[in-house]
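So the structure is just underneath, and the comments pick up after that.
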Amino acid sequence: MSADRENHDMTQTDIALLLADATDEVEIGTAPVQAVVRGGRRRRARRWAVAAATAVVVLAGSAGATLAFAGRPGEHRTQVATQVRDVARPQVTELAHGTDHGKRWRVVVSVWQAPRDRTEAARQREAMQSYGIDGSALPGLTRLVGRTSFYASLYYGDAPLRPVIFNTVDKWEKFAVADLESGASHLAEEDAEGRLVVGMVATTVRQVRCTWKSGAATVAVPRAAAGSPVDWFVCVAPDGTGYADAKAITSG
């Protein structure tokens with residue numbers, strides 16, 4: 001895994017394909033605007049930007065967008081142990097919701113249990129499509145068998161569900177100290193720049209600081225998600241700037 005990598009402009013088709021390191025193949029969702037894959041110093045963590053993200057004041061009004069968190073940190077963890085195994089029913093957690101230019105939006109994480117064979121994999125893949133995940137974001141049956149899948153997805157107004165960051169893994173990556181993974185994409189279809197940042201951090205991380213091209217910064221509080229051993233964060237931005245960086249804050 002490289003410590004630094006150059007930015008690359010990509011087409012819409014490229015974005016829909018697997019954008020990942022060979023080790024754990026984290027994928028980024030489709031965006032209708034030009035993509036930037038942004039790497040950098042992360043120790044073990046990765047940062048990707050699809051299009052870009054933009055600044056927001058968490059839990060406060062802004063120029064067109066507002067954001068709120070769903071529930072309290074940690075409240076979903078107890079659901080994991082009691083959930084009956086069903087590969088066709090994901091564990092779903094709403095991470096955040098808000099209003100953007102008069103349209104309601106929300107970000108959810110769906111965690112899908114590992115199918116035992118191709119029959120279960122076929123049932124799961126069909127359920128994923130019924131859930132709203134486009135077929136281009138779904139792995140093949142062989143890749144699903146024995147592997148857990150997760151999708152951090154956006155609902156915006158009446159638009160179909162859109163995955164922002166997703167993966168299918170043999171086992172979850174262990175996040176340590178300031179490790180961070182994130183995907184950035186547009187919020188509204190008409191956005192010239194990405195305005196939504198969704199990411200994962202270790203459960204020890206207290207806050208995530210999102211920095212924008214304008215020089216402004218936003219502090220987000222990570223949330224627990226059912227079925228996930230890592231915490232998740234969401235940043236949403238007003239118009240007029242773009243994603244620059246995200247950093248996990250472990251103290252203070």
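The values are calculated or read from the model by the stated rules, or taken from the named source; none is laboratory data. Since this is a predicted model, take the numbers as computed values, not measurements. So basically every Cβ, Gly included, is an ideal-geometry build from the backbone, and we count neighbours across all protein chains shown. The accessibility values were calculated without ligands, DNA or RNA, using every heavy atom of the protein model including side chains. Shrake-Rupley method; radii C 1.70, N 1.55, O 1.52, S 1.80 Å.
Less than 9 Å Cβ to Cβ from Arg147, Lys/Arg counted +1 and Asp/Glu -1: what total charge do the surrounding residues give? So the environment of Arg147 carries a net charge of +1. Can you give me the relative contact order of the range 157-252 as a percent, contacts being Cα pairs under 8 Å and 6 or more apart? Relative contact order here is 29 percent. Share of carbon and sulfur in the accessible area of the range 157-224 stands at 51%, probe radius 1.4 Å.
The residues neighbouring Ala96, those whose beta-carbon lies less than 11 Å from its own, together hold a net charge of +1 under the Lys/Arg +1, Asp/Glu -1 convention. In terms of its alpha-carbon gyration tensor, the range 101-252 comes out oblate; a/c meets the 1.5 threshold, while b/c is at least as large as a/b.
Using a 10 Å cut-off on Cβ atoms, rank the peptides 120-128, 96-104 from the highest mean neighbour count down.
With the highest mean Cβ count within 10 Å placed first, the list reads 120-128, 96-104.
Taking a sphere under 12 Å around the Cβ of Gln113 and counting the other residues whose Cβ falls inside, with K and R at +1 and D and E at -1, yields a net charge of +3. Ranked by the mean number of other Cβ atoms within 10 Å of their residues, highest first, the peptides 226-233, 178-185 fall in the order 178-185, 226-233.
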